[in-house]
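Structure first, then comments.
The values are calculated or read from the model by the stated rules, or taken from the named source; none is laboratory data. Computed from a predicted model, the values in this text were never measured in an experiment. Positions of Cβ are backbone-derived with ideal geometry, glycine not excepted, and every protein chain shown enters the neighbour counts.
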Amino acid sequence: MNIGIMLTIFVVATLAGYKLISNVPSLLHTPLMSGMNALSGVTVLGALAAAAAAMRTGSKILGVVAVALAMINVAGGFLITDRMLKMFKSGK
Amino acid sequence: MTVTEIVVSTAVVLAVLTGIRLLSSPKTAVAGNRLGALAMLGAIVAVLLRNQVVDAPLLLAGLVAGGLIGIALAARTTMLGIPQLVALFNGLGGLASFGVAALVVLERAQAPTTLNIAASGLAMIVGGATFSGSMIAAAKLARKMNQRPMLLPGHGRLCVALLIVMTTLAVSGAFMEGRVSYAAMAGAAVAALVFGVVFSIRIGGADMPVTIALLNALSGMAAAICGFAVENELLIAIGAIVGSAGLILTKIMCRAMNRSLRDILTGGTACAPAAKSPTDSADEPPAPESAPEERAEQTPEQKIETAATLIRDAKSVMVVPGYGMALSQAQTEVKRLFDRLSAQDTDVKFAIHPVAGRMPGHMNVLLAEVDIPYDRLMELEDVNPLFADIDAVLVVGACDVVNPAAISAEGTPIYGMPILHVHEAKNTIVCNLDAKPGYSGVDNPLYENNNVVKLWGNAAETLAALIDKLS
């Protein structure tokens, strides 16, 4: 992929994220943070692709370990966020 | 990229952004988070289909094992344990990015571009520092490590030196060949891991909301840079979004503590021993003598009686929770009090300071857990104009965030920090462990006001006794 395209994606995503995240009320900052934390496990996609393409046994194992670690981040992060958000109830 | 890939990636990013938009209201937030999770699941399935290769069973095993461990950890934790678990997950995400980047470096034979390798080097150091920094933060949050900042000789210079060494090695490693290149990358990795530790040990307990927000931003950055290494548009886009979120939270937390990020990163002033607290400075007007003395003569029993009368007669009560409420697990008692007072039509609200607790929004989660409706939880800017009209304020385990020295005592570490204006209320009841200053080390002049009833001791026990007196 062209470096220009990659940089464009990076900048656009940063700005879009900044705009939307600024609207999240401080009431929900803990779940926001843990939800974003879950998203940072997106590296699992890179790990899967890289491990699948890896030639050496050592790097394949490294890839599988990275997949598992990122998955802990993703699954745990989304679940804990879900648990928290479900607790917020309105008085009415 | 094929057209299908572009369509899938765009759909995933749009779903994630829509999910974040839904997070702006508690009514739609659950759906928003689930949409994000679904988008991620879709992306994983798409990658699996795209890379259908020989050792898929091994990768699937990794996926499933990681997923199950994550679910087990998240399902078991209590709400009190959330900050350290989030820090732990954050660290593992960083370590995963570190692993992917290291893999790209090891597989140089597949002839990635120099740019890919340089990005790998950077992803390795950002991921590595995120990992070790988050582990220290998690240990501090779980109280398995001293909460006080730990300062090494020449700490600041050491940090800068490590930063320079790891960046130089990581980038130059990309332009080298063979063993030298591996050695440079390995050196960069070690320096990054050490940097994470050195960086985190210096940050004290109450500065944790900032640290954990910053580490969150770093884990996003690690994923995004990793995206440049493996040329994956989703890593770049979603990593960038996470980086944005972390930065916003970091900024908000810094503002709420009236401290620059630089101050906190360099060990900050708030950690210095309370150099000049308002009570020992000579030019401060002496505290009113007689009235508080009288109150001080009351036995604890009488003080609870006084507090109960205040609460019983109040038409409006404002509860100000702090980290002490979490520590003594007093939120259950707070809820009992809330129910009792609501039943007699007392207007009970909660004043939430943005940095109360150990992570952004910590108090809201604890109170939501005990079923206090979120429309009762108010933010600092909205609540401060109301204090003068409040009949009784109940402080539960909060000190620095209600310390008027932040307004009056120039030169103290907390001067200028926005606080909750509890000192303007008609009557205040303080349920704190003791009269000691909070994390900032600055004595709290609020305690000397004669309309303040101080109930020292474990907040949960104090509140239980107080509720008994109400009936």
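Screening the candidates B:V3, B:V7, B:V86 for the property of being outside the structural domain of B:Q329 (by TED's automatic domain parsing), within 20 Å of the chain's Cα centre (by Cα) and at pLDDT below 95 yields one hit, B:V86. Which one is nearest to the other protein chains (Cβ to nearest Cβ), of the residues in the range B:377-386 that are buried (at least 17 other Cβ atoms within 10 Å of the Cβ) and either assigned to a helix (DSSP H, G or I) or under 18 Å from the mean Cα position of the chain (by Cα) (or both)? By that ranking, first place goes to B:L380. Checking B:G127, B:G196, B:G173, B:G154 one by one, the residue that is of a type in the set (G, A, S), over 24 Å from B:A356 (Cα atoms), assigned by TED's automatic domain parsing to the domain that holds B:F89 and surrounded by fewer than 22 Cβ atoms within 10 Å (Cβ to Cβ) is B:G154 and no other. Evaluate the following for B:A398: is it without any contact (Cβ under 8 Å) to a residue 24 or more places away in the chain and buried (at least 17 other Cβ atoms within 10 Å of the Cβ)? Criteria not met by B:A398.
Which one of these is out of contact with any Lys or Arg (no Cβ under 8 Å at 6 or more places or on another chain) and farther than 19 Å from A:N37 by Cα: B:L49, B:L73, B:L106? The match here is B:L49. If you scan the range B:436-454, which residues turn out to be closer than 21 Å to B:G357 by Cβ and either part of a loop (DSSP other than H, G, I, E, B) or touching an Asp or Glu at 6+ places or on another chain (Cβ under 8 Å) (or both)? Of everything in the range B:436-454, those that are closer than 21 Å to B:G357 by Cβ and either part of a loop (DSSP other than H, G, I, E, B) or touching an Asp or Glu at 6+ places or on another chain (Cβ under 8 Å) (or both) turn out to be B:K436, B:P437, B:G438, B:Y439, B:S440, B:G441, B:V442, B:N444. Here B:D371 meets the list (1) at the interface with another protein chain (Cβ under 9 Å from one of its Cβ atoms); (2) in a loop (DSSP other than H, G, I, E, B); (3) surrounded by 17 or more Cβ atoms within 10 Å (Cβ to Cβ) almost entirely, failing just condition (3). Taken over the range B:412-471, the residue count meeting the criterion of being under 20 Å from B:S328 (Cβ atoms) and among the charged types (D, E, K, R) is 6. Residues of the range B:408-428 that are more than 22 Å from B:A307 (Cβ to Cβ) and touching a Phe, Trp or Tyr at 6+ places or on another chain (Cβ under 8 Å): B:A409 alone. Being modelled with pLDDT under 95 and either touching a strand residue (DSSP E or B) at 6+ places or on another chain (Cβ under 8 Å) or within 7 Å of chain B (Cβ to nearest Cβ) (or both) is a description that applies to A:K60. Could you say whether any residue in the range A:17-31 is at the interface with another protein chain (Cβ under 7 Å from one of its Cβ atoms), in contact with a Phe, Trp or Tyr (Cβ under 7 Å, 6 or more places away or on another chain) and in contact (Cβ under 8 Å) with a residue 24 or more places away in the chain? Checking the range A:17-31: at least one residue is at the interface with another protein chain (Cβ under 7 Å from one of its Cβ atoms), in contact with a Phe, Trp or Tyr (Cβ under 7 Å, 6 or more places away or on another chain) and in contact (Cβ under 8 Å) with a residue 24 or more places away in the chain.
Checking the structure you have, find out if any residue of the range B:63-83 is more than 9 Å from chain A (Cβ to nearest Cβ) and in contact (Cβ under 8 Å) with a residue 40 or more places away in the chain. Yes, the range B:63-83 contains a residue that is more than 9 Å from chain A (Cβ to nearest Cβ) and in contact (Cβ under 8 Å) with a residue 40 or more places away in the chain. Among the residues of the range B:329-368, the ones that are within 7 Å of chain A (Cβ to nearest Cβ), assigned to a helix (DSSP H, G or I) and in contact with a Ser or Thr (Cβ under 9 Å, 6 or more places away or on another chain) come to 3 in all.
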